[in-house]
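First the structure, in the form of structure tokens, and then the observations on it.
The values are calculated or read from the model by the stated rules, or taken from the named source; none is laboratory data. Note that the coordinates shown come from a computational prediction; the quantities given were computed from them, not determined experimentally. Backbone-built Cβ (ideal geometry, glycine too); neighbour counts: all protein chains shown.
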Amino acid sequence: MTDINRDRLLEDLRALSTIGAQPDGGVDRLAWSDADLAGRRWYAERIREAGLEPRVDAALNVFGHLPGSGGPWLLTGSHLDSVPDGGRLDGAYGAVAALEVLRTLFESGDSVAERIEIVGFADEEGVRFKAGLIGSLALVGELEVGRLRSGQDWKGVPVSQVLASAGLDIDRLTEAKQHLHSIRAFIELHIEQGPRMEADGIDLAIVSGIVGVHRQRIQVIGTQNHAGTTPFRLRHDAGRAATRAASELKDLVLAADSEAVANIGMMHFEPGGVNVIPGRAEFTLEVRHLEERVVRQAVDAFRTRLEAICAEEGCRAEVELLSWVPPAPMDPLLMETLGKACRELGRTPGKLWSGAGHDAAVLSHHVPAGMLFVPSAGGISHSPRETTSDEHLVLGTQALLRAVRHAAASIK
Ligand code: HGY
Ligand code: MN
Ligand code: MN
């Protein structure tokens, strides 16, 4: 069997990383930004240059398949957007590797190419709207357009305006679902984004499951006042209440389960004056674990403690659910196929659950889904320092080629 073209793969990854490139070596292709749109155009152009047929759907997902092919397909790919000041591989690697795999099979005249479609998903990260997986949720018909329509992005711009500036009509996002009936299975190649594979000397790992990801926006309302004339005993300090709760998050979450994690990625006070007691504090909370029960337990424990602290501080809390993506077990048959592909390369794969969320979690509730990881150097991700060795990037793509070939052979 023809193998992938390693130089072309690495050159494509280098070329894509120049789009939204940052001086510190990272990339910033924030969803719906000019850089994100440029990344999508680049991907569609590379698909076209390969002699394949690009198709952009109503949610700005970029697909590619053989000219005239109508499916059904095995879908493989990942997302093209990044976090702000992120790495060059998160998402991009899986999308570019999928292109290299389909291009390789198409060029070699392998008939299985007819049954493979690739994808660069839109807005997986969810930084801009605080709820992500927009492209894959639109594909499977689970996108809550009503919540989007009434929402604003992280800078207060109405979502519909952000999407319109990207050329999208928010009322047509649901059209993306029409494509789902053509998809029979999904395989996503991704960097681990964590330290385990490197620590254990694992070159390839099959993902057993993806954590559930619960995201909230929390507002604490107190009384804005003068920071110099108001004695502590008379303060209703929203900033103090919020930071007290935040400081207890780790212990509350670990009490639910030692493997659970949580994050407060953003907190701001209003009005934000150096001499003004904050009347309002806002922060985002994210809780993750493989079991829904543990996520619920951690979220409830934090909420209880937050309410108690607010009562002590003379404040009140308002909690808004931003998103909940349930835990996603991966398909056992695809896990076996991925294992077979790794062994064909002389590697015994590891098996890991994913602490990062992925489009595969969304697809897994509708079609069989599988994921394969390659190591992240130093376990770093969502950072300009995110990197993976060329050897691992090539090895992962070679394994994807074999796994996709095996899985697509049975697509009818
Ligand atoms: O947040 C995540 O886990 C993923 O990288 N979007
Ligand atoms: Mn990702
Ligand atoms: Mn990410």
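Residues that are over 29 Å from Gly51 (Cβ atoms) and out of contact with any helix residue (DSSP H, G or I) (no Cβ under 9 Å at 6 or more places or on another chain) were ranked within the stretch 103-146; the one that is surrounded by the fewest Cβ atoms within 10 Å (Cβ to Cβ) is Gly146.
Those strands (runs of 3 or more DSSP E) of the stretch 292-410 in which at least 1 residues are modelled with pLDDT of 95 or more, within 16 Å of ligand 2 (Cβ to nearest atom) and outside the structural domain of Leu254 (by TED's automatic domain parsing), considering only elements entirely within it, cover 350-354, 369-374. For His358, the conditions (1) touching a Gly at 6+ places or on another chain (Cβ under 6 Å); (2) within 16 Å of ligand 1 (Cβ to nearest atom) are fulfilled apart from (1). Of all residue pairs spaced 6 or more apart or on separate chains, none has beta-carbon atoms under 6 Å together with a first member in the stretch 74-85 that is not assigned by TED's automatic domain parsing to the domain that holds Gly357 and a second member that is more than 13 Å from ligand 1 (Cβ to nearest atom). Within the stretch 60-82, the set of residues being surrounded by fewer than 24 Cβ atoms within 10 Å (Cβ to Cβ) and either within 16 Å of ligand 3 (Cβ to nearest atom) or on the phi < 0 side of the Ramachandran plot (or both) comprises Leu66, Pro67, Ser69, Gly70, Pro72. Is one or more of the residues making up the stretch 207-217 at positive phi and of a type in the set (S, T, N, Q)? No, there is no match, as no residue in the stretch 207-217 is at positive phi and of a type in the set (S, T, N, Q). Evaluate the following for Arg55: is it in the same structural domain as Asp110 (by TED's automatic domain parsing), basic (Lys, Arg) and outside any strand (DSSP E or B)? Judged against the criteria, Arg55 is not a match. Scanning the stretch 13-57 for residues that are basic (Lys, Arg) and surrounded by fewer than 20 Cβ atoms within 10 Å (Cβ to Cβ) turns up Arg14, Arg41, Arg48, Arg55.
Total residues in the stretch 363-387 satisfying the condition of being buried (at least 24 other Cβ atoms within 10 Å of the Cβ) and more than 14 Å from ligand 3 (Cβ to nearest atom): the figure is 7. Only one of Ala241, Ala245 is over 22 Å from Ser354 (Cα atoms) and in contact with an Asp or Glu (Cβ under 8 Å, 6 or more places away or on another chain). Can you tell me which? Result of the check over Ala241, Ala245: Ala241. Beta carbons closer than 8 Å, at least 6 apart along the sequence or on distinct chains, pair a first residue in the stretch 113-142 that is away from ligand 2 (no atom under 16 Å from the Cβ) with a second that is assigned to a helix (DSSP H, G or I) and among the polar types (S, T, N, Q) for Glu117/Ser182; Ala138/Thr174; Gly141/Thr174.
All conditions in (1) polar (S, T, N, Q); (2) within 15 Å of ligand 1 (Cβ to nearest atom); (3) more than 20 Å from the chain's Cα centre (by Cα) hold for Ser381, with the sole exception of (3). The residue that is nearest to the chain's Cα centre (by Cα), among those in the stretch 232-266 that are β-branched (Val, Ile, Thr) and under 27 Å from Ile277 (Cβ atoms), is Ile264.
Picking from residues in the stretch 70-108 that are β-branched (Val, Ile, Thr) and over 22 Å from Val367 (Cβ atoms), the one that is farthest from the chain's Cα centre (by Cα) is Thr104. Across the stretch 199-208, the number of residues qualifying as in contact (Cβ under 8 Å) with a residue 24 or more places away in the chain and surrounded by fewer than 19 Cβ atoms within 10 Å (Cβ to Cβ) comes to 3.
Considering every residue within the stretch 246-263, establish whether at least one is surrounded by 16 or more Cβ atoms within 10 Å (Cβ to Cβ), in a loop (DSSP other than H, G, I, E, B) and modelled with pLDDT of 95 or more. Within the stretch 246-263, one or more residues are surrounded by 16 or more Cβ atoms within 10 Å (Cβ to Cβ), in a loop (DSSP other than H, G, I, E, B) and modelled with pLDDT of 95 or more.
Say whether the condition of being small (Gly, Ala, Ser), within 16 Å of ligand 3 (Cβ to nearest atom), under 19 Å from Ile183 (Cα atoms) and surrounded by 16 or more Cβ atoms within 10 Å (Cβ to Cβ) is met by at least one residue in the stretch 312-331. Yes.
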